[in-house]
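Have a look at the structure below before the remarks.
The values are calculated or read from the model by the stated rules, or taken from the named source; none is laboratory data. Computed from a prediction, not measured in an experiment: that's the story for all the values here. No Cβ is skipped: glycine too gets one built from the backbone with ideal geometry, and neighbour counts run over all protein chains shown.
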Amino acid sequence: LVEVMAKYECYRLVFSSSATIYGSTITDKIKEDHDIKPHNPYGHTKAAVEDLLTDLYNSNDKWSFAILRYFNPVGAHSSGQIGEDPFGIPNNLFPFISNVAAGRIKKLKVFGSNWPTPDGTGVRDYIHVSDIAKGHFDAFNYLLQRKKGKLLKINLGTGKGYSVLEVINTFNNVIGNKIPYEIVDRRSGDNAISIADPSLAKNILGWEAKNSLFDMCRDSWNWQAKNPNGYY
Ligand code: UDP
C-alpha cells in the first residue's frame, strides 16, 4: 500500500491500531508511552505495522501518519443501517450479547469471575463506533492542516471502564429483558482490565468520546433488531 501511495505522491494515512498492543496493567489508565507488549497474534500484527510506519516516517518526513489505538469499539450507526455482522459465532462480547438477546444463541458465557476487578469480571473501555469514526475525521483533518509530515500515535477510548456484568445489566435495561448467562473459565489471552487515558486525543485533536454505555447498547440492539440476519 505505501509503495503505491508513494508512486502517486499520496503521503497521508490514518492507521487503525489497537489497544491490544499494550502490555497489561491493572492499576493505571493506559497512556501512549505504555510498554508495547502484545499478548496475542492480532496485537503482534498491529505492533508490526506501527513499527513499519514509524520507520518510514523516520526515513522521510514527507509522510504523515495518524496511528489510532482503539480500545473496545462497539455499537452501531444510530440509523440501524450499519452494524457488526461477524461470520459464525461471535468472539466479542457485544455481538455475542446481541445474538443472545435476539434468541439466536441460548446463553452468554462470561469468561471468569475471579479477575482482580470490583465484581470479578473483565473490565474494558468500550467506545461507540461513531466516536471512533469522528476520531478518524479529526485525525485526518489534523494531518491535512499541516504542511510538514507528522507521526501521531493516539489512544481512542472514553477513559471509563465497565465490567462484563455492568454491560449485561445495561443491555437488560435496553431490551427490557434479562440476558441469560453463565460464568465459565477464563479465556486464554484475556487480561483483567484495559482502560485508556484519552487525554492526548483531547489535547492534540480536540476529540472526546460523547456516547455512553447505554448509547452503545441501544445502538447495538437497534441494528440487531432491524437486521436479524445481518447484511443478508
Ligand atoms: N467476554 C465474555 N464472554 C464473551 C466474550 C467476551 O465474558 O462471549 C469478556 C472478555 O473476557 C472480556 C470482555 O468480555 O473481559 C471483552 O471481550 P471482547 O472479546 O469483546 O474484547 P477484548 O477481549 O478484545 O477486550
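Here are a few things to note about the model shown:
- The sole residue among V49, V100, V110, V74 that is under 21 Å from S16 (Cβ atoms) and within 10 Å of the ligand (Cβ to nearest atom) is V74.
- The condition (being within 21 Å of the chain's Cα centre (by Cα), under 28 Å from Y57 (Cα atoms) and surrounded by fewer than 18 Cβ atoms within 10 Å (Cβ to Cβ)) is satisfied by just one residue among N169, N203: N203.
- Evaluating L152 against the criteria (1) more than 15 Å from the ligand (Cβ to nearest atom); (2) touching a Phe, Trp or Tyr at 6+ places or on another chain (Cβ under 8 Å); (3) among the hydrophobic types (A, V, I, L, M, F, W, C); (4) at pLDDT below 95 leaves one unmet condition, (4).
- Reported count of residues in the range 170-200, each being closer than 17 Å to N92 by Cα and without any contact (Cβ under 8 Å) to a residue 40 or more places away in the chain, is 1.
- Applying the criterion of being closer than 24 Å to T45 by Cβ and over 14 Å from the mean Cα position of the chain (by Cα) to the residues of the range 67-87, the residue that is surrounded by the most Cβ atoms within 10 Å (Cβ to Cβ) is D85.
- Members of the range 1-48 found to be closer than 21 Å to K160 by Cα, outside any strand (DSSP E or B) and not aliphatic (A, V, I, L, M), listed by number: T20, G23, S24, T25, T27, D28, K29, K31, E32, D33, H34, D35
- Residue match in the range 158-173 (condition: in contact with a Pro (Cβ under 7 Å, 6 or more places away or on another chain), modelled with pLDDT under 95, more than 12 Å from I97 (Cα to Cα) and not in a strand (DSSP E or B)): no
- Residue match in the range 215-228 (condition: buried (at least 17 other Cβ atoms within 10 Å of the Cβ) and assigned to a strand (DSSP E or B)): no
- Scanning the range 1-58 for residues that are under 24 Å from R124 (Cα atoms) and polar (S, T, N, Q) yields S16, S17, S18, T20, S24, T25, T27, N40, T45.
- Selection count, the range 113-135, where residues are part of a strand (DSSP E or B) and within 13 Å of the ligand (Cβ to nearest atom): 4
- If only residues of the range 3-40 that are in contact with a Phe, Trp or Tyr (Cβ under 8 Å, 6 or more places away or on another chain) and hydrophobic (A, V, I, L, M, F, W, C) are counted, the one that is nearest to R187 (Cα to Cα) is A19.
- Selection count where residues are within 16 Å of N211 (Cβ to Cβ) and either touching a residue at least 12 places away in the same chain (Cβ under 8 Å) or touching a Pro at 6+ places or on another chain (Cβ under 8 Å) (or both), scope the range 74-109: 10
- Single residue of the range 162-196 satisfying the filter (of a type in the set (S, T, Y) and more than 15 Å from S220 (Cα to Cα)) that is nearest to the ligand (Cβ to nearest atom): S194
- Every pair of residues 6+ apart whose Cβ atoms lie under 6 Å, when the first sits in the range 110-125 and is more than 25 Å from K31 (Cα to Cα) while the second is more than 8 Å from the ligand (Cβ to nearest atom) and part of a loop (DSSP other than H, G, I, E, B): S113/G120; N114/G120
- Selected residue [within 23 Å of Q145 (Cα to Cα) and of a type in the set (D, E)] from D28, D33, D61: D61
- Odd one out for K202, checked against (1) in contact with a Gly (Cβ under 9 Å, 6 or more places away or on another chain); (2) in a helix (DSSP H, G or I); (3) away from the ligand (no atom under 14 Å from the Cβ): (1)
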